[in-house]
Structures are given as C-alpha cells and as structure tokens.
Number of protein chains: 2
Amino acid sequence: MKNKSGICGRSIEDFLEIIEGFHGWKAPGVVIGGFMVDLARELVGPHLESDVVVETFHCLPDAVQLLTPCTFGNGWMKVLDWDKYALSLYEKKTLLGARVWLDLEKTCLFPHIFDWYMRRVPKKALPLDVLLDSILAAGRDILSHAPVRVTQYYGKKQKGRISVCPKCREAYPVNQGSQCQACGGRGYYDRLN
Amino acid sequence: MKNKSGICGRSIEDFLEIIEGFHGWKAPGVVIGGFMVDLARELVGPHLESDVVVETFHCLPDAVQLLTPCTFGNGWMKVLDWDKYALSLYEKKTLLGARVWLDLEKTCLFPHIFDWYMRRVPKKALPLDVLLDSILAAGRDILSHAPVRVTQYYGKKQKGRISVCPKCREAYPVNQGSQCQACGGRGYYDRLN
C-alpha cells in the first residue's frame with residue numbers, strides 16, 4: 001500500500017472485520033468507502049461535529065455509519081438516491097466541508113476496479129479477493145476531493161405534528177393528509193388477519 | 001420488567017451500550033425499536049433470511065441495523081419517510097412476515113411514553129432516565145403486531161447502466177438523463193475551488 005496504513009484509526013484488518021460484521025460481507029464498495037471517509041475526515045478535521053450527505057444508496061452509507069458518529073437513524077447522515085460514489089462531510093455550523101468521490105479516470109490505473117465499478121465483467125470473472133487486493137493497493141489513489149459549502153439537506157429533519165389516523169388508529173404526521181400513507185392507498189403490505 | 005429480560009439475545013444493559021456507541025445517545029426511540037425488532041424476529045423466526053421495511057426515518061432504522069443483518073447500505077433495510085413508528089420484517093423468499101407497531105392506545109397506560117411520542121411535554125419536563133424507565137417497564141406492552149405479505153419495496157434495488165457525465169466526468173447512471181443530478185441543477189453543494 002502506498003497510502004497511510006490505517007482507516008480512521010483502525011488497522012485495515014480490523015476495518016475489514018467490522019465491515020463483515022455489520023454489512024454481511026467484505027463488499028468492495030464499503031472498503032473503498034472506508035478510504036473515502038478517512039480522507040474526508042482528515043480534510044474536514046476529525047474533531048469537528050460533522051454531518052454528511054452520501055450520494056448513493058449502495059454500500060457507501062455503511063462505511064459512513066461504521067466510521068463516523070453519523071447514522072441513518074440519528075439523522076446526521078442524509079442519503080441521496082443519485083447512484084454517484086461520492087460523499088460530502090461538512091461541519092454542522094459553518095456548512096463547510098469536503099466532497100470526496102471515486103474518480104473514474106484515476107481507476108484506469110487499477111483496471112479491476114474500473115471493470116467492477118463500470119460492471120464490465122461478470123462477477124465470476126473477477127474474484128472478490130483479487131478485487132479487494134486492488135482496492136487496498138489503490139487506497140486513496142482512486143479518489144478526488146474538493147472543498148464545498150453545503151446548500152441543502154443540512155440540519156435536523158423537522159418532525160410534524162402527530163395525530164391519530166381515523167382508519168387504522170395509528171399515530172401519523174398530520175401534514176401528510178387526513179389519513180396515514182398506508183390507509184391512503186400507498187401501503188406496501190397486505191395484512192393477513 | 002414484565003417482559004422477557006433481553007433483546008435479541010443481548011442483556012438490556014448491553015443493548016443500551018451499543019445504542020450509545022452507534023446512535024450517539026440512548027435515544028428512547030431506538031430503545032423502543034429494540035423491543036420491536038426483538039418481537040418481529042420472534043414472530044418471523046430468527047433463523048430465516050429476512051428483509052425489513054421501516055416506516056420512519058427517525059431512530060427506528062438504527063435499532064434494525066444494530067439487531068439484524070439488515071443495513072441501509074446492504075439494501076436489506078428499506079426506509080419509508082412516513083413517520084409511522086412501525087416496521088415489517090419478512091422472509092425474503094415468501095414475502096411473508098410480521099408488521100410490528102407502536103400502539104398509541106396501549107401507551108395510555110404509560111403516560112410518559114404517550115406524552116413523549118405525541119410531543120405533549122417539552123423535553124426539559126421529562127428527563128431521559130424517567131422516560132427510559134417507563135420504556136423498559138413497558139417492553140412489548142406498548143406494541144401490536146399482525147402477519148403481513150409484503151407487496152412492494154422487496155428485492156434488490158436494480159443498478160442502472162453506468163456512464164460518464166459529460167460535464168463533471170464522474171460516473172452516474174444513464175437512466176437519470178444526459179448528465180448527472182448535480183450537473184443537472186439538483187446539487188446540494190457549492191464547490192469552493
């Protein structure tokens with residue numbers, strides 16, 4: 001590895017282990033995400049109170065949740081369904097921070113990573129350990145970054161006034177209408193009794 | 001406590017500790033969420049491969065991520081912005097499972113929980129340890145559940161074909177248009193250099 005040898009104060013081995021424990025397997029995207037979070041924290045200053053915006057639903061949110069105090073459930077991590085491998089870590093008060101992204105042009109030096117990310121090879125043709133070796137060898141060398149000011153999605157998600165849905169008698173936010181989402185026909189389940 | 005004395009095989013003390021480590025503090029919603037996940041797992045069968053739909057962004061997703069293999073980043077947990085304190089855990093193959101929800105009528109027996117959930121008292125008037133004592137005393141007694149068949153949001157989120165945005169040169173999914181979300185004017189940041 002050409003880069004510093006740890007990720008957010010952990011050894012690479014420890015980091016791979018906690019990925020497996022949380023995410024279920026050593027997903028390449030989470031490993032790359034570890035290097036991204038590590039770089040972002042270094043740029044922003046690891047001791048500041050930071051929030052984060054993640055630009056993909058895939059893998060990267062788990063690297064953030066494992067390596068920063070930001071989680072989906074505490075609201076300090078916002079996730080956009082853009083499918084871009086990028087995140088912005090920023091200081092809560094000033095909204096200043098760093099955006100870090102997987103730089104596709106830089107991955108050309110690491111053809112396994114390029115092929116994997118662009119889905120140019122079937123999974124069977126690129127064994128996980130070969131891909132992970134490339135990712136660990138690349139470290140930060142496939143990333144770019146820029147200073148940013150965050151202009152949206154910051155701050156606490158406001159909770160609306162809570163009322164009781166007249167149909168199901170469950171609590172729901174009144175700003176969603178006269179009944180809850182499920183009773184309004186947008187449900188995702190059939191009740192079996 | 002009138003209920004069984006642990007949560008998903010952990011002691012209550014351990015569970016409160018891992019909440020604090022991950023979520024940042026012993027948030028009442030995550031503690032209630034622990035009882036919800038524990039009940040749902042018991043109903044569905046803890047050894048089945050299960051996915052989950054969570055009906056609120058607040059707190060509950062973190063209980064799920066701490067107590068099941070489902071995370072936001074691995075895609076086994078889907079989260080709806082409905083602000084209902086409910087989740088459905090279901091078997092991946094059959095789509096059959098259990099929906100568990102905070103039953104507002106049952107919280108009337110635990111007035112602190114009712115007041116907290118309905119935001120009827122200012123935070124200062126209800127100290128965290130008093131509220132947590134109520135939640136631990138209530139356990140499952142404030143929950144209801146029903147068997148369900150999941151009809152939406154199941155399965156793997158499809159990844160689209162990836163291309164290079166002609167403007168920023170970053171990778172993005174082509175099904176989003178001729179340029180990426182940020183270059184298309186929906187960005188959340190100003191780049192500072």
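Brief remarks on what is shown
- Computed 3J(HN,Hα) for the range B:97-113, one whole-Hz value per residue from the Karplus formula 6.51 cos²θ - 1.76 cosθ + 1.60 where θ = phi - 60°, is x, 10, 9, 10, 9, 6, 9, 4, 4, 5, 6, 4, 6, 10, x, 4, 5, glycine and proline marked x.
- The packing ranking, built from the mean of other Cβ atoms within 10 Å per residue, places the peptides B:86-94, B:34-42 in the order B:34-42, B:86-94, highest first.
- Measuring from each Cβ of chain A to the axis that turns chain A onto chain B, the shortest distance belongs to A:Phe72, 2 (residue, then whole Å).
- Chains B and A together, accessible area buried on both sides, 1.4 angstrom probe, square angstrom: 6000
- Relative packing of peptides B:135-146, A:7-18, A:70-81 - highest average C-beta neighbours within 10 Å first: A:70-81, B:135-146, A:7-18
- Accessible area (Å², per residue) of the protein assembly as shown, counting only protein heavy atoms and a probe of 1.4 Å: 46
- In the range A:61-85, burial by the other protein chains removes 50 Å² or more of accessible area from A:Phe72, A:Gly73, A:Trp82, A:Asp83, A:Lys84, compared with the chain on its own (1.4 Å probe, ligands and nucleic acids ignored).
- Divided by 2.2 N^0.38 Å, where N counts the residues, the Cα radius of gyration of chain A comes to 1.22.
- Ordered from highest to lowest accessible area with the whole protein assembly present and a 1.4 Å probe, A:Asp103, B:Asp129 read as B:Asp129, A:Asp103.
- Ascending list, in nanometres, of distances separating the A:Arg161 label from those of the other copies (7 Å, Cα toward Cβ): 5.1
- For chain A, the mean residue ellipticity at 222 nm estimated from helices alone is -9000 deg cm²/dmol, where every DSSP H run of n ≥ 4 contributes -39500 (n - 2.57) and the total is divided by all residues, rounded to the nearest 500.
- Legend: calculated FRET efficiency, B:Ile18 to B:Arg120, from the Cβ-Cβ distance at R0 = 41 Å, rounded to 0.05, equals 0.85.
- Cut-off 15 Å between beta-carbons: net charge of the residues surrounding A:Tyr117, Lys and Arg +1, Asp and Glu -1: +1
- In this structure the amide hydrogen of A:Ile7, modeled in the peptide plane, comes within under 5 Å of the amide hydrogens of A:Ile12, none closer than 5 places in sequence on its chain.
- Cβ-vector label at 7 Å, B:Glu42, separations to other copies in nm: 4.9
- The charge dipole of the range A:115-193, taken about its Cα centre with unit charges on the Cβ atoms of Lys, Arg (+1), Asp and Glu (-1) only, comes to about 520 debye.
- Those residues of the range B:109-130 for which accessible area with every protein chain present is at least 30 Å² below the isolated value (1.4 Å probe): B:Tyr117, B:Met118, B:Arg119
- From the alpha carbon centroid of the range B:53-88 to that of the range A:1-70 is 21 Å.
- The string of couplings for the range A:76-87 from the Karplus curve (6.51, -1.76, 1.60, θ = phi - 60°) is 7, 10, 9, 10, 9, 8, 9, 6, 10, 8, 7, 8 Hz, one whole number per residue in order, with x for Gly and Pro.
- For A:Gly73, nonlocal amide neighbours, meaning residues 5 or more places apart or on other chains whose placed amide H falls under 5 Å from its own, are B:Asp62.
- Leading residue at positive end of dipole, the range B:116-168 (Cβ point charges), from B:Tyr154, B:Ala138, B:Pro122: B:Tyr154
- Rounded tilt (10° steps) of B:28-44 against the dominant C-alpha axis of chain B: 90
- Simple point charges give the picture: +1 on the Cβ of Lys and Arg, -1 on the Cβ of Asp and Glu, and for chain A a dipole about the Cα centre of about 860 debye.
- Nearest-20 debye value, the protein assembly as shown charge dipole, Cβ charges on Lys, Arg, Asp, Glu: 1220
- Rounded FRET efficiency, nearest 0.05, which uses the C-beta distance separating A:Ser178 from B:Ser178 and R0 of 45 Å: 0.65
- Fraction of accessible area attributable to carbon and sulfur, the protein assembly as shown (%, probe 1.4 Å): 53
- Cα gyration tensor shape of the protein assembly as shown, rounded if a/c is under 1.5, else prolate or oblate by comparing a/b with b/c: prolate
- Estimated vicinal HN-Hα couplings, Hz - the range B:143-154 in sequence order (Karplus 6.51, -1.76, 1.60; Gly, Pro = x): 10, 10, 8, 8, x, 9, 10, 7, 10, 8, 6, 7
The values are calculated or read from the model by the stated rules, or taken from the named source; none is laboratory data. Here the structure is a predicted model, which is why all the values come from computation and not from measurement. Note that we place each Cβ from the backbone using ideal geometry, even for glycine, and neighbour counts take in every protein chain shown. Keep in mind that these areas ignore ligands, DNA and RNA; they rest on the heavy atoms of the full protein, side chains included. Shrake-Rupley method; radii C 1.70, N 1.55, O 1.52, S 1.80 Å.
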